[in-house]
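A short worksheet on the structure shown next.
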Amino acid sequence: MIRILTIVGARPQFIKAAMISRAIVEHNRRGENPTVVEEIIHTGQHYDANMSDIFFQQMQIPEPVVNLQAGTGMHGEMTGRMLAQIEKEIVNRNPEWVLVYGDTNSTLAGALAAAKLHVPVAHVEAGLRSFNKCMPEEINRILTDHVSSLLFCPTQAAVDSLSREGITRGVHHVGDVMYDAAQIFVKIAGHTSTILRDLNLTPGEYYLATVHRAENTDDPDRLRNILTALNALEGPVILPLHPRTRKILQGFFPSLLTPHSSQGTPHSSLHIVDPVSFLDMVELEKNARTILTDSGGVQKEAYFHGVPCVTLREETEWVETVQAGWNQVVGADPEKIVVAVRRGLTGKSIAEYGQGNASADVLKLICSATASL
Ligand code: UD1
Ligand code: UDP
């Protein structure tokens, strides 16, 4: 038997973890050896129902054994609180592996707590780099990768980045578990989501935008520029608003959050809605004319669903989406954003995200590595 302690806390981690949990259920259902027992710890980093519970329900993620409710405060405070609590959980539960995802404070806390207790860390979405250490995620990624024993890379660029940092042992290019998720949930969304009808949208005739990255939300000029650009687009722009961005808008641009802003002047293009479920998001992505985003996950999902992407950042970790011609990285300049949207793009396919088996491969590799622990 292998015991895996999974640490999650933020929206994109629920989606990634859902795929490995499904692989574990399938592995056990088939009676494959060894049996895998997964326990999930939710750090509580994201806590609103539409940022957390909805993903557990919709994606049938096993219920966490504990919620640490450590989701507020500055980075050090939040990470420190998680670290202390996760350490206790690892000691009590004594897993063979601690499994972490992505690059959030929850990722780093889980990885650090495990490494200090000499419990091996498996990192899904290892090796991504923006080469911008002002991003909190970049610090989290680098530190997590350097204490991980198994590093599951979604792309060859990620493998190469690890190699440049001297990390070659335990590195596996498995593809992207988010691609697995897109494959499965796009079909379900097509049957079940009513979001297009609910928002009165016609496929191919609206834009979808997300904005939550600290570099955009914490700089009022950048945020204003992005909103100006979104508002200059012809056609509705659906903006499912991350709570971080909502809090900032309440302070700087409260008029945008008034009900009239979704119906007409003075913000005619922009339709601000609450964060949506994954199934609704997939449906919105698939049918959008163009996606504008500063999200890592959403950039790739644009490609998965064959929709051009305009990235509202200065750099991207997902360089292959740019190289393949699906993604334009334009920053926060309103003119550049509008020009990029009008230019549109279609590109080549990207083989390195895999064939939809990344989650199963991750599990197989964890099982075989356990034999040599
Ligand atoms: C975090 C991750 C980021 C990831 C994003 C996914 C870090 C450093 N950042 O950013 O890498 O892309 O999650 O969405 O880990 N809030 C709520 N309700 C919630 C969740 C958050 O009100 O359910 C508020 C928090 O109280 C805080 C703000 O949103 O004021 C930001 O939350 P936080 O988890 O610190 O960072 P994110 O911007 O969500
Ligand atoms: N997402 C969602 N509902 C939303 C916005 C995003 O389900 O209202 C999904 C999106 O499809 C993607 C993931 O959340 O799978 C991305 O999370 P986020 O942008 O918060 O984080 P990042 O990927 O940038 O770390």
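Please treat every number below as a calculation from the coordinates, not as lab data. Please read all numbers here as calculations on a predicted model, not as lab measurements. Positions of Cβ are backbone-derived with ideal geometry, glycine not excepted, and every protein chain shown enters the neighbour counts.
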| task | Report Rg (one decimal) and Dmax (nearest whole number) for region 132-269, counting Cα atoms only, units Å. | result | 19.9, 57
| Amide H neighbours of residue 328 under 5 Å, counting only residues 5+ apart in sequence or on other chains, H built in-plane at 1.01 Å? | 309, 310, 311
| message | Past 23 Å, Cα to Cα: identify those pairs from 187/336; 300/336; 300/348; 133/247; 16/187, in the order given. | response | 187/336; 133/247
| request: Report, in debye and to the nearest 20, how large the dipole of region 19-149 comes out about its Cα centre when Lys and Arg carry +1 and Asp and Glu carry -1 on their Cβ. | output: 200 debye
| note | Of the residues 293, 363, 306, the Cα lying farthest along the dipole of region 252-373 towards its positive end, which is defined by charges on the beta carbon of Lys, Arg, Asp and Glu, belongs to 306
| Where the only charges are on Cβ atoms (+1 Lys, Arg; -1 Asp, Glu), what is the dipole of the chain about its Cα centre, to the nearest 20 debye? | 160 debye
| task | First check a/c for region 34-107, with a ≥ b ≥ c the square roots of the eigenvalues of its C-alpha gyration tensor; if it is under 1.5, answer rounded, and if not, answer prolate when a/b is larger than b/c or oblate otherwise. | result | oblate
| request: Once you have a ≥ b ≥ c as the square roots of the Cα gyration tensor eigenvalues for region 51-178, tell me rounded if a/c is under 1.5, and otherwise prolate or oblate according to whether a/b is larger than b/c. | output: rounded
| field | Residue among 173, 329, 34 farthest towards the positive dipole end of the chain, charges placed on Cβ | value | 34
| Any idea what the dipole of region 74-197 comes to, in debye rounded to 20, about its Cα centre with Lys/Arg Cβ at +1 and Asp/Glu Cβ at -1? | 140 debye
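When the helices in the chain are scored as -39500 (n - 2.57) per DSSP H run of 4 or longer and the sum is shared across all residues, what 222 nm value do you end up with, to the nearest 500 deg cm²/dmol?
Calculated from helices alone, the mean residue ellipticity at 222 nm is -14000 deg cm²/dmol.
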| message | Suppose we keep just the DSSP beta bridges with both residues in the chain; what percent of those would be antiparallel, to 5? | response | 0 percent
| query | Sorted by mean Cβ packing within 10 Å, highest first, what order do the peptides 140-146, 160-166, 277-283, 228-234 take? | reply | 277-283, 140-146, 228-234, 160-166
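Which order do peptides 41-47, 64-70 fall in by mean Cβ count within 10 Å, highest first?
Per-residue mean Cβ counts within 10 Å order the peptides as 41-47, 64-70.
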| field | Per-residue HN-Hα couplings for region 218-227 [Karplus 6.51, -1.76, 1.60; θ = phi - 60°; Hz; x = Gly/Pro] | value | 8, 10, x, 5, 5, 5, 4, 4, 5, 5
| 0 to 90° range, to nearest 10: angle between helix 136-146 axis and the chain longest Cα axis | 20 degrees
